[in-house]
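Take a look at the structure set out below.
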Amino acid sequence: MNLLYSNDKPGEYPNSWYAATANPQEQFEPLNGSARADVCVVGGGYTGLSAALHLAEAGLSVVLIEAHKVGFGASGRNGGQLGSGQRMGQDGLGALMGTDEADKLWGLAEDAKALVKDLIARHSIECDLKPGVAETGSSVGDVAELHEYAELLNTRYSYDKIDILDAAACQAICPSPDYKGGILDRDAAHLHPLNYALGLARAAAAAGVRIYEKSLVQSVEEGQPAIVHTDGGTVQADHVILACNGYLGSLNRQVARRVMPINNFIIATKPLGAEAKHVLAQDVAVADSKFVVNYFRLSADKRLLFGGGESYGYRFPSDITSVVRKPMNRVFPHLKDVQIDYAWGGTLGITMKRMPYLARLAPNILSASGYSGHGVGTATHAGQLMARAIQGQADGFDTMARVPAPAFPGGAGLRTPLLVLAMTWYALRDRLGL
C-alpha cells in the first residue's frame, strides 16, 4: 500500500479548512527528463522546503521533488501548534541521554521555535501566527506534573515564559469541564500550517530552488553523484535529502524500520460567533495531557479546529466527523450538536522514543523524519540542520542524530498490530482517568 495515494486524490489537497483558506499558490510542473543539482531534496513539506531554502540562500543549486503538491502531507494538515522544547520532555531526555545532551537539545528546540518566527517575518508569510499554547490536565495528578515541569524549565533553563494555571485560571482560558488546570506557554505559538508551507515554497522558489510537483520518486541510487529516479525523469545530485516523514514508503529500509506512519484527524465546526468565548476565552491553542492527545484552537473566522480520535490501519475512516466528534464532545459537551463543515485526515511519522530520527544514510544522503506530532518547529529546523551539515557545519545535526532511535519490533509486518494494542490500552487508561 502506498500511503501517498491511499487516502487522497493525486495532486490535490484534502477538503480541509486549511485548503479552503489557502493563500494563492504557484503551480509547479512535473519533472520530465533529466536534471542536475548540487542537492536533490525529496519531499515538499516543512523539512524539505526549509532545507531547500537554506541551501539555495547559501548559493547551492537545488532541485526539490514532491509527489503531489508542496504542503500536501502533514505540513499542510496539522494542528498548527509551534511548541517549546522537544517532543520528549527535558526530564525524559536527561534520563535517556544525560543532562549535557539534554541541555543541547533544549537549545536546539529553542532555535527551532525562533527559526519559524524568523522565517515568517523575513519572508512576509501570511499564516495567522499568534502567541500562546496551553497544556491542560484532566486530573489533579496531570496538573501537578505540568506545574512541576514548568518549574524545572524555569529553574534549569531560566525559561520564565510559562504561566501556571490553577483550576480557575484554566477555566478562564478554556471553560471545559474536563480540565482541572495546566500551564500556558506564552512564547509558543499557533499558525495556519498550509499557508506557512506555501510561504516557504514561495521563498524557496524565489531563492532559485527548482520545484517539481506531481513527480513520484521511485528510487534513490547511491553513488557520487547519487541519482534520484522519478516517474518522469532523473536528478543527478552531489547530495540527497530525504524529507518524506510518514510518506517515505519503501525508499529507505533503515528509516522505515524506525519511523512508522500513523493517521490523525481534525474537524472544523461552523463559525461559532459569540459562542467561541465559551470554547476559548483567549486566542491560544490547547493540547491536553491524554496519551491520545486532543488538540484544538480557534480559526481566524472563529471555527473550532479540533484534532483527536482513534483510528487504526492506514485507510482513513469513512466517517472522520464521528471519530473526532467523540473526544470533542467529552471536552465540550455543549457542542454535541454543532455543525461540522470540514473533516480531514493526514499521515504523520512517529518513532519509538517520540523523538525525530535524523540520520546519515550514506556519505552524501541525509534524512530527517519521525517528528511524532511536534513537527512545525522541529521539521523546519531539521531542514536547516541538514542544509548546514551539507555545508560542513554538522554540530546541530549530529546532536539530533545521537538521540537513540530503536527500530519498531516486528518490522513492517508486526509494528502496526503492536501499535494498535498499545494505543488501545492507553486510550482505555484515558477513558478511565488512570
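So here's what we get for this one:
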read-out	value
Residue within segment 50-61 that is closer than 30 Å to LYS270 by Cα and either in the same structural domain as ALA237 (by TED's automatic domain parsing) or in contact (Cβ under 8 Å) with a residue 60 or more places away in the chain (or both) present	no
Any hit, segment 246-259, residues being of a type outside the set (Phe, Trp, Tyr) and within 26 Å of GLN25 (Cα to Cα)	yes
Sole exception among (1) in contact with a Leu (Cβ under 9 Å, 6 or more places away or on another chain); (2) surrounded by 14 or more Cβ atoms within 10 Å (Cβ to Cβ); (3) modelled with pLDDT of 95 or more; (4) not aromatic (Phe, Trp, Tyr) for ARG388, by number	(1)
Check on LEU153, over 30 Å from SER250 (Cα atoms), among the hydrophobic types (A, V, I, L, M, F, W, C), part of a helix (DSSP H, G or I) and in contact with a Phe, Trp or Tyr (Cβ under 9 Å, 6 or more places away or on another chain)	yes
Failed item in (1) assigned by TED's automatic domain parsing to the domain that holds ASP301; (2) without any contact (Cβ under 8 Å) to a residue 12 or more places away in the chain; (3) of a type in the set (A, V, I, L, M), with ALA121 passing the rest	(1)
Count of residues meeting criterion [touching a strand residue (DSSP E or B) at 6+ places or on another chain (Cβ under 7 Å) and either at positive phi or not basic (Lys, Arg) (or both)] in segment 21-42	14
Test result for ASP100, without any contact (Cβ under 8 Å) to a residue 12 or more places away in the chain, under 26 Å from GLU57 (Cα atoms) and either touching a strand residue (DSSP E or B) at 6+ places or on another chain (Cβ under 6 Å) or of a type outside the set (A, V, I, L, M) (or both)	no
Unique match (being touching a helix residue (DSSP H, G or I) at 6+ places or on another chain (Cβ under 9 Å) and either assigned to a helix (DSSP H, G or I) or at pLDDT below 95 (or both)) among VAL376, VAL403, VAL420	VAL376
ALA134 being outside any helix (DSSP H, G or I), outside the structural domain of SER50 (by TED's automatic domain parsing) and either of a type outside the set (D, E, K, R) or within 30 Å of ASP178 (Cβ to Cβ) (or both)	yes
Counted residues, segment 99-121 - those being touching a helix residue (DSSP H, G or I) at 6+ places or on another chain (Cβ under 8 Å) and within 23 Å of LEU194 (Cβ to Cβ)	6
Entirely in segment 295-359, the strands (runs of 3 or more DSSP E) that have 2 or more residues that are modelled with pLDDT under 95 and not acidic (Asp, Glu)	340-350
ALA300 touching a residue at least 60 places away in the same chain (Cβ under 8 Å), in the same structural domain as GLU145 (by TED's automatic domain parsing) and under 30 Å from ARG388 (Cβ atoms)	no
Number of the condition not met by VAL376 [criteria: (1) surrounded by 21 or more Cβ atoms within 10 Å (Cβ to Cβ); (2) farther than 17 Å from VAL39 by Cα; (3) touching a Lys or Arg at 6+ places or on another chain (Cβ under 7 Å)]	(3)
Residue under evaluation ARG429, criteria (1) at pLDDT below 95; (2) crowded, with 18+ Cβ neighbours inside 10 Å, criterion not met	(2)
Residue tally, condition under 19 Å from ARG77 (Cβ atoms) and touching a Pro at 6+ places or on another chain (Cβ under 6 Å), over segment 276-308	4
Candidate set: segment 25-54, residues that are closer than 20 Å to ILE365 by Cβ and of a type in the set (D, E, K, R); chosen: the one surrounded by the fewest Cβ atoms within 10 Å (Cβ to Cβ)	ARG36
In segment 164-188, residue farthest from VAL116 (Cα to Cα) [restricted to those that are in contact with a Gly (Cβ under 7 Å, 6 or more places away or on another chain) and of a type in the set (A, V, I, L, M, F, W, C)]	ALA167
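The values are calculated or read from the model by the stated rules, or taken from the named source; none is laboratory data. In this text the structure is predicted, and so the values were computed from the model without any measurement. Methodologically, a virtual Cβ is constructed for each residue, glycine included, from the backbone with ideal geometry; neighbour enumeration extends over all protein chains shown.
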